[in-house]
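Q: Please find one structure pasted underneath; my questions will follow.
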Amino acid sequence: MNNNLSRRLFEEAQKVIPGGVNSPVRSFRGVGGEPPFIMRGRGSRVWDADNNEYVDYLASWGPLVLGHAHPSVVLAVQESASRGTSFGAPTPGEVELARLVCAALPSVELVRLVNSGTEACMSAIRMARAFTGRSKVVKFVGCYHGHSDGLLVKAGSGAATLSVPDSAGVPAAYAGETLLADFNDMDSVREQFAAHRGDIAAVIVEPVAGNMGVVPPGEGFLQGLRDITSEHGALLIFDEVITGFRVAHGGAQGLYGVTPDLTTLGKIIGGGMPIGAYGGRSDVMQQVAPLGPAYQAGTLSGNPVAVAAGIATLKSLELPGVYERLEETAVELTAGLQAAADAHEVPVTVNRVGSLFSMFFNPGPVDGWEAVTRSDAAAYARFFHSMLEQGVYFAPSAFEAAFVSTVHTPEDLELTLAAADAAMEKAAAG
Ligand SMILES: *Cc1c(COP(=O)(O)O)cnc(C)c1O
C-alpha cells in the first residue's frame, strides 16, 4: 500500500501542529505507525491522500450514522451556507433542531445548543451545581465526558492509550471535586454517597460506556443510579453524546427506560458538523442565563450550518425501519468478526448495543474498566494494521467503539469479513 503523500503530510503537520493532529487519538500512538490523511468520503468509504480506499467504521468517531457526504446533509449544508454562515442572532433552524431533540427524548424539556460534547458536559455540570448548590460530581472510571478540567479524571480510551490517566494542568483542588466510582458497580457509588452526604450535585455517566470500548450497563445499574441520586437530592446526568440517536431513536434512556434529569448530546445531532447540546428538566434548565444565574454562552452556538446538517440527519433517522436495519447490519458484521476470531483461536469478546460495538482482544466477559484493561492491545494493533492495509478502517486504539452506518452494504461486510480472516491470523501470530 502506497502512503508516500500521507507520510509527507504528517511530517509537515508535525512542524506546525502538536503531534501533527488536532485530537490526540488520531495520531495512531495506540497502534503504532502513522495516520493516513483523508481527502474525501462517500457513503461507507473514505479515500486517503494516496488514493487508498477504505470501508470506514470510524464514522468520524460516531457522528456519521448516515455515512459520508449523505446527499440530504450535503444539500442542507450548501443551502444554509449560501444564506450566510453565522449571525449571532436567533435563527429558525435552532428551534427546529431543539424540537426534534425534545420530541425524541421526553426527559428533555428545554435544550441549549453548544459547539461540542465537551462544552455540553461541562455546562450540564454547571447547571447541576447551580440547581443543587452542591459542588461534587461522581463520574465513572473509563467514562469520557470531554476534556474540561473537572471531567478529565480517569477518562477512558484517549488517556489510557497515551498512558496519561489524569491530565497535567488540572489543579488538584479542582480534580478533588470529582469523585470516582466503577461502572456497573453500585457499591462503589453507594460508598461515595455515604462518604460525601449532602455534597454531591450530580452523577454523570455514559449510559452505555463507549469510551473504554463499548460496555453495556448491567441489569439494574442505570435504575440503581436513578434511585440513589433521587434519594440523595442529586441529579442524574446521562452523557448521550455517543448513544443519542445511535443506540435507538430515543437514545439509551429510551432503550433502557431510565429517565435522567439532564442529558448531553453531540456527534450525531450535528451530522458531522461541530455541535453539542445539553438539556433536561425545565426547573434545572431554568438556571441557564438569561433565565437564571448560571452563565453559559457561545459566539457560534446554534450555528445555522451545523444545525441544518443536524436537522437533515435527524429527519433521515425518523424514516421507518432505520434502526432495525442498522442493528441487522451490526449483528451480521459482529457475528462474522467473532467467527473470524474463533477460527484463528484469538480470544475476542464483542460487545454490541445497536449499531455501536467493540471487539476486545480478551476472553471476557468485558463488563467494566478493570476487564477492559486486561485486553491485549498489541494483538489489536496487529489486527488493526492488517485491516487497514486491506482497506478497512477501524479506530486506531484497542479501547474505542466501531460504528455501523445506514449505508454499509453487503459488499462492505463481505470485504470486511474476508479481511478479518487474514487479520485474525496476524493477530494470533503475535
Ligand atoms: C465524544 C464525547 C464527548 C466529547 O465530545 P466532543 O465533541 O469531542 O467535545 C463527551 N462525551 C462522550 C460520551 C463522548 O463520546
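Okay, residues lined up against (1) more than 25 Å from residue 60 (Cβ to Cβ); (2) within 15 Å of the ligand (Cβ to nearest atom):
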{"site": "248", "(1), (2)": "no, no"}
{"site": "257", "(1), (2)": "yes, no"}
{"site": "278", "(1), (2)": "no, yes"}
{"site": "285", "(1), (2)": "yes, no"}
{"site": "303", "(1), (2)": "no, yes"}
{"site": "310", "(1), (2)": "no, yes"}
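Q: Regarding residue 194, is this residue farther than 17 Å from residue 143 by Cα, buried (at least 21 other Cβ atoms within 10 Å of the Cβ) and either at pLDDT 95 or above or within 14 Å of the chain's Cα centre (by Cα) (or both)?
A: Numbers: farther than 17 Å from residue 143 by Cα: yes; buried (at least 21 other Cβ atoms within 10 Å of the Cβ): no; either at pLDDT 95 or above or within 14 Å of the chain's Cα centre (by Cα) (or both): yes.
It is false that residue 194 is farther than 17 Å from residue 143 by Cα, buried (at least 21 other Cβ atoms within 10 Å of the Cβ) and either at pLDDT 95 or above or within 14 Å of the chain's Cα centre (by Cα) (or both).
Q: Could you go through the stretch 288-299 and let me know if any residue there is surrounded by 24 or more Cβ atoms within 10 Å (Cβ to Cβ), within 14 Å of the ligand (Cβ to nearest atom) and in contact (Cβ under 8 Å) with a residue 60 or more places away in the chain.
A: no
Q: What are the pairs with Cβ atoms under 8 angstrom where one residue, in the stretch 222-236, is free of Cβ contacts under 8 Å to residues at least 40 places away in the same chain and the other, located anywhere, is acidic (Asp, Glu)? Sequence gap at least six, or different chains.
A: Pairs found: 229/261; 236/261.
Q: Is it the case, given these coordinates, that residue 156 is of a type in the set (Gly, Ala, Ser) and touching a residue at least 40 places away in the same chain (Cβ under 8 Å)?
A: yes
Q: I want to confirm something. Restricting to the stretch 144-160 and keeping residues that are in contact with a Gly (Cβ under 6 Å, 6 or more places away or on another chain) and of a type outside the set (Phe, Trp, Tyr), which single residue is farthest from the ligand (Cβ to nearest atom)?
A: At the first step, the residues of the stretch 144-160 found to be in contact with a Gly (Cβ under 6 Å, 6 or more places away or on another chain) are 144, 146, 156.
Cutting the leftovers down to of a type outside the set (Phe, Trp, Tyr) gives us 146, 156.
Values: 146: 4, 156: 9 Å.
Across the stretch 144-160, the extreme among qualifying residues is 156.
Q: Does residue 208 qualify as being within 15 Å of the ligand (Cβ to nearest atom) and in contact (Cβ under 8 Å) with a residue 12 or more places away in the chain?
A: On the way: within 15 Å of the ligand (Cβ to nearest atom): yes; in contact (Cβ under 8 Å) with a residue 12 or more places away in the chain: yes.
Here the answer is yes, as residue 208 does meet what is asked.
Q: Can you tell me which of 16, 31 is over 22 Å from residue 403 (Cα atoms) and among the β-branched types (Val, Ile, Thr)? Full working, then the answer.
A: Numbers: 31 fails: over 22 Å from residue 403 (Cα atoms).
Step by step, each of 16, 31 is checked, and only 16 is over 22 Å from residue 403 (Cα atoms) and among the β-branched types (Val, Ile, Thr).
Q: Name the residues in the stretch 109-133 that are assigned to a loop (DSSP other than H, G, I, E, B), more than 16 Å from the ligand (Cβ to nearest atom) and buried (at least 20 other Cβ atoms within 10 Å of the Cβ), would you? First the steps, then the outcome.
A: Applying the first criterion (assigned to a loop (DSSP other than H, G, I, E, B)) to the stretch 109-133 yields 109, 115-116, 133.
Filter once more, so that each one left must be more than 16 Å from the ligand (Cβ to nearest atom): 109, 133.
Listed by number, the list is empty, since nothing qualifies.
Q: Can you name the residue in the stretch 16-73 that is among the charged types (D, E, K, R), within 21 Å of the chain's Cα centre (by Cα) and away from the ligand (no atom under 16 Å from the Cβ) and is also most open to solvent (accessible area, probe 1.4 Å) among such residues?
A: Residues of the stretch 16-73 among the charged types (D, E, K, R): 26, 29, 34, 40, 42, 45, 48, 50, 53, 56.
Those left that are additionally within 21 Å of the chain's Cα centre (by Cα): 26, 29, 45, 56.
Right, trim to away from the ligand (no atom under 16 Å from the Cβ) and you get 29, 45, 56.
Values: 29: 168, 45: 51, 56: 12 Å².
Applying the filter and picking the extreme gives 29.
Q: Checking the condition part of a loop (DSSP other than H, G, I, E, B) and either under 24 Å from residue 315 (Cβ atoms) or modelled with pLDDT under 95 (or both), which residue from 93, 88, 41, 84 passes?
A: Details: 93 fails: part of a loop (DSSP other than H, G, I, E, B); 88 fails: either under 24 Å from residue 315 (Cβ atoms) or modelled with pLDDT under 95 (or both); 41 fails: part of a loop (DSSP other than H, G, I, E, B).
Result of the check over 93, 88, 41, 84: 84.
Q: Just give me the residues in the stretch 219-246 being closer than 27 Å to residue 198 by Cα and either within 16 Å of the ligand (Cβ to nearest atom) or polar (S, T, N, Q) (or both), in sequence order.
A: 222, 223, 225, 229, 230, 236, 237, 238, 239, 240
Q: Continuing with this model, one more query. Could you tell me whether the stretch 350-361 includes any residue that is assigned to a helix (DSSP H, G or I), within 21 Å of the chain's Cα centre (by Cα), surrounded by 21 or more Cβ atoms within 10 Å (Cβ to Cβ) and not charged (D, E, K, R)? Step through it out loud before you land on a result.
A: Here is the first cut: in the stretch 350-361, the residues assigned to a helix (DSSP H, G or I) are none.
Looking for residues that are assigned to a helix (DSSP H, G or I), within 21 Å of the chain's Cα centre (by Cα), surrounded by 21 or more Cβ atoms within 10 Å (Cβ to Cβ) and not charged (D, E, K, R), one finds none in the stretch 350-361, hence no.
Q: Ok, one more. Only residues in the stretch 250-262 that are surrounded by 24 or more Cβ atoms within 10 Å (Cβ to Cβ) count as the first member; pair them with residues that are assigned to a helix (DSSP H, G or I) and among the β-branched types (Val, Ile, Thr), Cβ under 8 angstrom, at least 6 apart or cross-chain, and list the lot.
A: What qualifies is 261/229; 261/284; 262/284.
The values are calculated or read from the model by the stated rules, or taken from the named source; none is laboratory data. Owing to the predicted nature of the structure, the values given are computational and were not obtained by experimental measurement. Here Cβ is always computed from backbone atoms with ideal geometry, including for glycine, and neighbour counts include all displayed protein chains. In case anyone asks, the SASA skips ligands and DNA or RNA and just uses the protein heavy atoms, side chains included. Shrake-Rupley method; radii C 1.70, N 1.55, O 1.52, S 1.80 Å.
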